[in-house]
């Protein structure tokens, strides 16, 4: 499939901002299932940028606006071709306990994806879920599909009920949130069970396609979030708990990290006396041919 994607982030200030400093993680990677045909990041007003790669392998564009301003916009424009991921069937037949043992020899390489963060604590309410769905003798496919489905059924997708600062404990108790929260819940359970897992931020096509089970996909109002889990053979496999499915051709990965803070598409700070209003819009259009 070929998609044309436009992702706009608008900042407006009730009083002029004096300075603004931002990082953009908006460059999608080339992988075995996605190819970047074209890509550019536009900043309004036009500002010089510097570039580096962060510790999680994400290309980062850094820019600053040091003059008084009322408006700042970042537009991510890209065309991407995707193919259906091929799951590593043999690796997914390995029991959870055996997978953990295999990872012990490469633990230092994936240590970050086993650790708790402020957004993704481990243990606590995640422990019973890890025991129920990720038992030592359960094959990985059964375990991952079971956990993915459990998050989908137990938590209600309701935009506006959480924000970037909502503690995961509140999500556990309220049993509602958005794709970011569902990814954090699933990461918490996976890491509690000793399986390396990372947060993925990207885009998803929802109009008009439907998931394999016939439901319209959810999550394209802004960016979407899902989870990747390391399996034997050191391959990442991707699951979308918001839509209860393995990630497919409609998913375009952009950035990775331990949690949503690491993989945030745009983050930064500004100096001024007014309030900041943020508006995000994503348009993902399937192209013919």
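The values are calculated or read from the model by the stated rules, or taken from the named source; none is laboratory data. This is a predicted model, so every value here is computed, not measured. Positions of Cβ are generated from backbone atoms using ideal geometry, with glycine treated the same way; all protein chains shown enter the neighbour counts.
Of the residues in region 155-175, how many are surrounded by 15 or more Cβ atoms within 10 Å (Cβ to Cβ) and outside any loop (DSSP other than H, G, I, E, B)? Full working, then the answer.
Applying the first criterion (surrounded by 15 or more Cβ atoms within 10 Å (Cβ to Cβ)) to region 155-175 yields 155, 157, 161-162, 166, 168, 171-172, 174.
Still in the list and also outside any loop (DSSP other than H, G, I, E, B): 157, 168, 171-172, 174.
Count: 5.
For residue 72, which of the numbered conditions (1) in a helix (DSSP H, G or I); (2) modelled with pLDDT under 95; (3) surrounded by 15 or more Cβ atoms within 10 Å (Cβ to Cβ) fails to hold?
(1) is the only condition that residue 72 fails.
Just to verify a result, which residue in region 102-125, among those that are assigned to a helix (DSSP H, G or I) and exposed (fewer than 13 other Cβ atoms within 10 Å of the Cβ), is nearest to the chain's Cα centre (by Cα)? Give the steps one after another, and end with the answer.
Of all residues in region 102-125, those assigned to a helix (DSSP H, G or I) come to 102-114.
Narrowing further to those that are exposed (fewer than 13 other Cβ atoms within 10 Å of the Cβ): 104-109, 111.
Values: 104: 26, 105: 27, 106: 24, 107: 23, 108: 23, 109: 20, 111: 19 Å.
Only one residue fits best here, namely 111.
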